[in-house]
Ligand SMILES: Cc1cc2nc3c(=O)[nH]c(=O)nc-3n(C[C@H](O)[C@H](O)[C@H](O)COP(=O)(O)OP(=O)(O)OC[C@H]3O[C@@H](n4cnc5c(N)ncnc54)[C@H](O)[C@@H]3O)c2cc1C
C-alpha cells in the first residue's frame, strides 16, 4: 500500500482530496489529509463580513464535511517534513510516511513583521480583514464607528487576492454612503506599488473608480512602522499617513513549517515548477495554491485551475510518464466595486487583464474589465459555487483550466 | 530605442531602463546616476554589486531582500537612492525594473 499525503485542508487541499479519491486505485493508494483547524473558512467572505453583508455562519463550516469518504482526515498541527526520510511529523509526535506529498498549506498574515502593527492598538484602531478574527473584530468596530480618517493599506507584495484591499475601499465607500456618514469619512488607499492595481493595464482602465468614489491614493509607500501612539504609519522615505482607523493587509507568508523543513524561500513559499506544479527540490513533492512561489495570483480560482492540472500530473508521475507542462498562470477574479456592481478580470502569466466577455467569447454573460451588475451577482454566486462545487472538485461548466483566448482583446506582456 | 549614454549608443526601453545588460559598465552607471541627481560613492557601488549578484542568480529583488542582504539596511538604501530606491538602483545597475509582483 502506498501513501499520498496532503498537507492542509483549505481550498487547494480539499479540492485535491476530492479529485484524487476517485482517480487513485483504492487497493494501492491510501490518501491522508491533515489540517490544524476544524473549521474550513470561506476566505473571500472575509471581505464582506466587516460590512455585515455576510454573517459569520456564511464564511465557516466544519472542514471534515468536505473531505470525501475513503480519505483519512487528521486534525492536527504539522510540525515537520523530513524529506530525506519521506516522512511528515505531526505535533503529537505521530509520524506519517509518504510516497507522494502535496503541500497545500496556503499563506497567512504576519503582522509581527512590522514594528507597532501587532501592538496595543491591534484590533482597537488597527485591523486586518484577511483573517476570520480580524474581519469579525473590524465588523464590530465599523458598526459603531462615527467617521474620521480611514486608511486601507497594503504592507508588502505579494499578498493573496491582491485586489481585495481595493475592493475593501470601494465597499467602504458604499457602506458609509448607506449609513449617511460618507461626508464624515476620508478614505485613503496606501500601497507599496506604483498604483492601485497590480497590472498596468488594469490600473489604466480602472483608475476612474478611485476618482469617482473620492478615494485618495498614496503610492510607492514602503511601511517602516505603525506609530500607534500618534495614529500614523511611516515609510522608509519618512512619508507619514495619519489614520483614525487603519485597515491593513499585513505581510503574507507561507507557514513556518516550510522554514523548519528547509523547503521555503524568504517568505516561506515553496519553489515550484510553474507549468507542472512539481516542487523544484524533490520530485515526489508537489505544491499547489497559495503555498507555491509561482508568479501567478494567489487566489482560489487559480488553485482551482491548478488542481485539474496537478491531478493529471500526479497520475502521470505514478505511471512514470512525463509531466504535462500546462499551467499557464490562469486567474480570473471578480472585483467588487461597491453599489452592487463588480468587474471580472481574466489573465495569466503572459497576458495582462483583458477586455472582452467571459466565459462565452463575445457573448458573456460576464464582462471583463467593465463594471456591471451581472458581475456582482457572479461574485455573490461564487460563495455557493465554492461550498458546493469548487472545493468538492466538481468541474465548473464552461470554465477551463488554461486561459481561452477567444473573445478577448489581447496585448502581450513583454 | 537607442540612447546616447557616456558617448555610447545604448539600447533602453521607454522608461530608460537598459534592455541589454551586456552593454552596461561603470561609466554608464555613473551617467545614469547623474541623471537621477545621484553622486555615486563606494556605498552606492556596494549596493549595486549586491543587486547585480541577485540579478545574476535570477533571484527576485525586493525591499525585503535588501533587509536580508547583510550589505545595507532599508533606511540606508533609501538615503542612497532617495524616492524609489529599487527603481533607481535597478536603473543605474542596468537591469530591468523589478516587476511590481502580482
Ligand atoms: C479577504 C480575502 C478575499 C479573497 N477573495 C478571493 C476571491 O474573490 N476569489 C478567489 O479566487 N480567491 C480569493 N481569496 C483567496 C483564496 O481564499 C485563497 O487563495 C485560497 O483559499 C487558497 O487556498 P489554499 O488551499 O492554497 O490555502 P488555504 O485555503 O489558506 O489553506 C491552507 C490550509 O493549510 C492549513 N495549514 C497551514 N499550515 C499548517 C500546519 N503547519 N499544520 C496544519 N495545517 C496547516 C491551514 O490551517 C489552512 O486550512 C481571498 C482571500 C482573502 C483573505
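Each value in this text was obtained by applying a stated rule to the coordinates, not by laboratory testing. None of these values were measured; they are calculated from a predicted model. Glycine also receives a Cβ, built like all others from the backbone with ideal geometry; neighbour counts cover every protein chain displayed.
Here are a few things to note about the model shown:
- Rounded to 0.05, the FRET efficiency of the residue A:36 and residue A:211 pair, given R0 = 56 Å and the Cβ-Cβ distance, is 0.80.
- Between residue A:22 and residue B:2, the C-beta separation translates, for a Förster distance of 51 Å, into a calculated FRET efficiency of about 0.30.
- When you restrict to C-alpha pairs under 8 Å that are six or more residues apart and normalise by the size of chain A, the relative contact order lands at 16 percent.
- Surface/4 estimate of mean projected area, convex hull on alpha-carbon atoms of the protein assembly as shown, nm²: 25.1
- Extension gain for the segment residue A:183 to residue A:384, taken as residue separation times 0.36 nm less the Cα-Cα distance, is 68.8 nm to one decimal.
- Counting every other Cβ atom within 10 Å of each residue's Cβ, A:344, B:18, A:210, A:90 order from fewest to most as A:90, A:210, B:18, A:344.
- Cα-based shape type of the stretch B:2-93, given that a ≥ b ≥ c are square roots of the gyration tensor eigenvalues and the cut on a/c is 1.5: prolate
- Calculated [θ] (222 nm, deg cm²/dmol) that DSSP helices of n ≥ 4 give over chain B, each run adding -39,500 (n - 2.57): -13000 deg cm²/dmol
- The fewest-to-most ranking of A:225, A:333 by surrounding Cβ atoms within 10 Å reads A:225, A:333.
- Candidates A:204, A:61, A:280, ranked by Gaussian network fluctuation over chain A, Cα under 10 Å, top entry: A:204
- Percent of alpha-carbon pairs separated by more than 22 Å within the stretch A:110-251: 33
- Between 0 and 90°, nearest 10: helix A:11-21 axis offset from chain A longest Cα axis: 20
- Placing a label point 7 Å from the Cα of residue A:123 along the Cα-to-Cβ line, the residues of the stretch A:143-172 whose backbone N sits under 19 Å from it are A:143-145.
- For the segment B:60-70, counting C-beta atoms of other chains within 10 Å of every residue's C-beta and taking the mean gives 3.
- Share, in percent, of DSSP beta bridges within the protein assembly as shown that are antiparallel, nearest 5: 50
- Here the mean projected area of the convex hull built on the C-alpha positions of the stretch A:227-355 is 12.0 nm².
- Here the relative contact order of the stretch A:206-246, from alpha carbon pairs under 8 Å that lie six or more residues apart, stands at 25 percent.
- Ranking of B:73, A:84 by count of other Cβ atoms within 10 Å, fewest first: A:84, B:73
- Two-site FRET efficiency, residue B:73 against residue A:133, from Cβ-Cβ distance with R₀ of 41 Å, rounded to 0.05: 0.80
- Based on C-alpha pairs under 8 angstrom that are at least 6 apart in sequence, the stretch A:1-105 has a relative contact order of 37 percent.
- For chain A, built as a Gaussian network whose Cα springs stay under 10 Å, the top-fluctuating residue of A:371, A:308, A:321: A:321
- Antiparallel content of DSSP bridges confined to the stretch A:196-354, in %, to 5: 95
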